[in-house]
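Presented below is the structure to which this report refers.
The values are calculated or read from the model by the stated rules, or taken from the named source; none is laboratory data. These figures come from a predicted structure and were not determined experimentally. No Cβ is skipped: glycine too gets one built from the backbone with ideal geometry, and neighbour counts run over all protein chains shown. Quick note on the areas: whole protein, heavy atoms, side chains included, nothing else; ligands and nucleic acids left out. Shrake-Rupley method; radii C 1.70, N 1.55, O 1.52, S 1.80 Å.
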Amino acid sequence: MKYRMIAPAVPNIPWQERPEGVKGAPIWRYSENPVVDRNPVDGVARIFNSAVMPYEGKFIGVFRGEQTNGIPYVYLGRSDDAIHWTFDPEKVPFVDEEGNPFMPVYAYDPRLVKVEDTYYIIWCGDFYGASIGVAKTKDFKTFIRIENPFIPFNRNAVLFPRKINGNFVMLSRPSDSGHTPFGDIFLSESPDMTYWGKHRHVMGASHEWWESVKIGGGAAPIETSEGWLLFYHGVATTCNGFVYSIGGAILDIDHPSIVKYRCENFILTPEAEYEERGFVPNVVFPCATIHDSETGRIALYYGAADSVVGLAFCELDDIIDYIKDHSVVRDTDTEIGRR
Ligand code: BMA
């Protein structure tokens, strides 16, 4: 391998070889997509925008379950192969730091990131307006909500998988109370997951047409020898509404508000029937990767059309080279992001 992934090996990563005829970015969809179909749990109409990771030799995940009353919550799922998932029938039972039940009003687009010995679940929820909720667990039995990191409005929060310069680091996207016709990715640091500051601008929309309305964090960044590999979402507007694609960028390893490379082309855009047709058509929304440092294989999990979960595959060397070969960065990308 040309580049290195600094992460544990995951020998049982789900995988399918690259088929003939992949055009554009070197990424291909799992032939049996979607991996989670409609009505997966009693009382849940759709599971999409969800995050999974290796756990005790198998896989675990936090899933956005749109209940039949329309309210989204986080559900826990487990899998032996990261393709066939079994979901807990009940919502994740969040508690406060004293152990009392403390359920969010709603929770969507969860991410799951392990930092040191703790797993953090991050979602978008109501804090007198849409903002970011966070909980921690060590055993996937007790889920303790900790302080909300930001005031409204904010969405698309993604934690880095390790501290950088001694602090936790989170990407987020300040927004409005509606469907937000703007949005850049910012970064914030915390010594303790309670107090957040040292806010920096990472990168903005308006770069290319497919991401000209807004962008937001996607999967937790992957540490590599070239920097942090970030799959994020970019939004275009059309006469039929928003179109969500997946983009790729590489952030500086020690100062991740500096964008080293940013791919001018999308990595994945709605093309498959289950991406173009659904509750919200034309959406591919990345929330997690499973990645294997031994082989450089990456399995990317994304929500499709706010209806189902899709899976796509790529290899570290190819995707980094594609991002570098098609990189266009502007001043607002390469500067430290403080004004
Ligand atoms: C965003 C979020 C995502 C969703 C997308 C498309 O604002 O709500 O959960 O996938 O819109 O509807």
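For the stretch 281-299, give me the residue count where each residue is open to solvent by less than 10 Å² (accessible area, probe 1.4 Å) and more than 30 Å from Cys239 (Cβ to Cβ). Number of matching residues: 6.
To keep it simple, each residue is scored yes or no on (1) farther than 23 Å from Tyr302 by Cα; (2) free of Cβ contacts under 8 Å to residues at least 24 places away in the same chain; (3) within 16 Å of the ligand (Cβ to nearest atom); (4) open to solvent by less than 80 Å² (accessible area, probe 1.4 Å).
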{"residue": "Ile60", "(1), (2), (3), (4)": "no, no, no, yes"}
{"residue": "Gly77", "(1), (2), (3), (4)": "no, no, no, yes"}
{"residue": "Asp81", "(1), (2), (3), (4)": "no, no, no, yes"}
{"residue": "Val95", "(1), (2), (3), (4)": "yes, no, no, yes"}
{"residue": "Glu98", "(1), (2), (3), (4)": "yes, yes, no, no"}
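Of the strands (runs of 3 or more DSSP E) that lie entirely inside the stretch 215-276, those containing 1 or more residues that are of a type in the set (Asp, Glu) and under 19 Å from Phe186 (Cα atoms) span 222-224.
Among the numbered conditions (1) in contact with a Ser or Thr (Cβ under 6 Å, 6 or more places away or on another chain); (2) in a loop (DSSP other than H, G, I, E, B); (3) of a type in the set (A, V, I, L, M, F, W, C), the only one that Val22 does not meet is (1).
When residues in the stretch 126-161 are screened for being within 16 Å of Tyr232 (Cα to Cα), away from the ligand (no atom under 16 Å from the Cβ) and open to solvent by 20 Å² or more (accessible area, probe 1.4 Å), 1 of them pass. Yes or no: Ile144 in contact with a Phe, Trp or Tyr (Cβ under 9 Å, 6 or more places away or on another chain) and closer than 28 Å to Phe59 by Cβ? In short, yes.
Apart from one condition, Pro11 fits all of (1) part of a loop (DSSP other than H, G, I, E, B); (2) under 20 Å from Pro104 (Cβ atoms); the exception is (2). The set of residues in the stretch 264-279 being among the hydrophobic types (A, V, I, L, M, F, W, C) and either open to solvent by 70 Å² or more (accessible area, probe 1.4 Å) or without any contact (Cβ under 8 Å) to a residue 24 or more places away in the chain (or both) consists of Phe266, Phe279.
Taking the criterion of being more than 20 Å from Glu275 (Cα to Cα) and either among the charged types (D, E, K, R) or within 20 Å of the chain's Cα centre (by Cα) (or both), the residues of the stretch 39-70 that qualify are Asp42, Met53, Pro54, Tyr55, Glu56, Lys58, Phe59, Ile60, Gly61, Val62.
Residue-wise test of (1) open to solvent by 10 Å² or more (accessible area, probe 1.4 Å); (2) touching a residue at least 12 places away in the same chain (Cβ under 8 Å); (3) within 19 Å of Tyr108 (Cβ to Cβ); (4) of a type in the set (Asp, Glu).
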residue	(1), (2), (3), (4)
Lys163	yes, yes, no, no
Asp184	yes, yes, no, yes
Lys198	yes, yes, no, no
Ile222	no, yes, no, no
Glu226	yes, yes, no, yes
Tyr244	yes, yes, yes, no
Ile250	no, yes, no, no
